[in-house]
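Comments concern the structure below.
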Amino acid sequence: MIELGKSVIRLRRKSWRYASWIMFSSLGAGMVLAVIKVSSKHGFGEGWKGIPVLLVFYGFVGRIVSSEVRLSHDSLTVVNPLRTYTLPRSSRLRALKDSSGSLQVTSEESGTIDAFAFGGSIIDGFVGTVAKVEREIASWVNAEVPTKSLSVKYEKKWTRCRWSDLSLLLALLVTAVGLTAGALAG
């Protein structure tokens, strides 16, 4: 049984977090070495070009791994890479595993929303993460609602992902500075 206080329960794939940390650190180290190697042969005027590529990649992957489903005392929130959906607990919510093995959340206001964080995968057939999350959401839906529940309305908005967005912004900044420096030097 899920206890709901003031905290938020975050449901996400553990494997995505581990894979992202391994990928971010190994690619970061690899990119630094590549920039150093290219810069030593052709000068930093060529070597810096790998930095924005890495930053864009980080931004893209960061948005994917930040996908999750959040359960609070008064709402269920599906955070996908581009869109975030907040569904009031007061609506008739259901979470179901579809024929492809992906998790879908449905309500009267929103219709069906695919939860990107729990898209079907071959590994999930053995691990059963989607079925576990489906049961956890069903338990949350059936749990007693605290009396001081806020009035939440259905909301659909662009997903904000601080570190991924910062990475994309830095990619633009590095590109602009690099191109400007190259134009002034050449």
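The values are calculated or read from the model by the stated rules, or taken from the named source; none is laboratory data. Owing to the predicted nature of the structure, the values given are computational and were not obtained by experimental measurement. Cβ sites come from the backbone with ideal geometry, for glycine too, and all protein chains shown count toward neighbours.
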Original post:
Hey, does the stretch 20-30 have a residue that's under 19 Å from Q104 (Cβ atoms), in contact (Cβ under 8 Å) with a residue 24 or more places away in the chain and of a type outside the set (A, V, I, L, M)?
Top reply: no
Original post:
Take the residues of the stretch 73-89 that are of a type in the set (A, V, I, L, M) and assigned to a strand (DSSP E or B): which is surrounded by the fewest Cβ atoms within 10 Å (Cβ to Cβ)?
Top reply: V79
**OP:** Name the single residue, out of those in the stretch 101-121 being free of Cβ contacts under 8 Å to residues at least 40 places away in the same chain and crowded, with 21+ Cβ neighbours inside 10 Å, that is nearest to V78 (Cα to Cα).
**Re:** V105
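Which residue out of R70, R10, R92, R63 is within 23 Å of K157 (Cβ to Cβ), assigned to a loop (DSSP other than H, G, I, E, B) and among the charged types (D, E, K, R)? So that I can check it myself, show each step before the final result.
On the way: R70 fails: assigned to a loop (DSSP other than H, G, I, E, B); R10 fails: assigned to a loop (DSSP other than H, G, I, E, B); R63 fails: assigned to a loop (DSSP other than H, G, I, E, B).
That would be R92, the only listed residue that is within 23 Å of K157 (Cβ to Cβ), assigned to a loop (DSSP other than H, G, I, E, B) and among the charged types (D, E, K, R).
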Original post:
Looking only at the stretch 90-100, which residues are closer than 18 Å to R135 by Cβ and either crowded, with 16+ Cβ neighbours inside 10 Å or of a type in the set (V, I, T) (or both)?
Top reply: L93, A95, K97
Original post:
What number of residues within the stretch 58-96 are charged (D, E, K, R) and closer than 20 Å to G111 by Cβ?
Top reply: 5
**OP:** Inspect the stretch 107-122 for any residue being in the same structural domain as W48 (by TED's automatic domain parsing) and under 22 Å from E68 (Cβ atoms) and give the result as yes or no.
**Re:** no
**OP:** Only residues that are under 29 Å from S167 (Cβ atoms), in contact with a helix residue (DSSP H, G or I) (Cβ under 9 Å, 6 or more places away or on another chain) and small (G, A, S): list them for the stretch 53-106, please.
**Re:** G59, G62, S66, S67, S102
Subject >> Of residues in the stretch 53-71 being surrounded by fewer than 19 Cβ atoms within 10 Å (Cβ to Cβ) and over 10 Å from the mean Cα position of the chain (by Cα), the one nearest to L169 (Cα to Cα) >> reply: V56
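For the stretch 133-140, check the following and say yes or no: at least one residue is part of a helix (DSSP H, G or I), modelled with pLDDT of 90 or more, touching a helix residue (DSSP H, G or I) at 6+ places or on another chain (Cβ under 8 Å) and among the hydrophobic types (A, V, I, L, M, F, W, C).
Yes, because at least one residue in the stretch 133-140 is part of a helix (DSSP H, G or I), modelled with pLDDT of 90 or more, touching a helix residue (DSSP H, G or I) at 6+ places or on another chain (Cβ under 8 Å) and among the hydrophobic types (A, V, I, L, M, F, W, C).
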**OP:** Say whether the condition of being among the β-branched types (V, I, T) and crowded, with 17+ Cβ neighbours inside 10 Å is met by at least one residue in the stretch 15-26.
**Re:** no
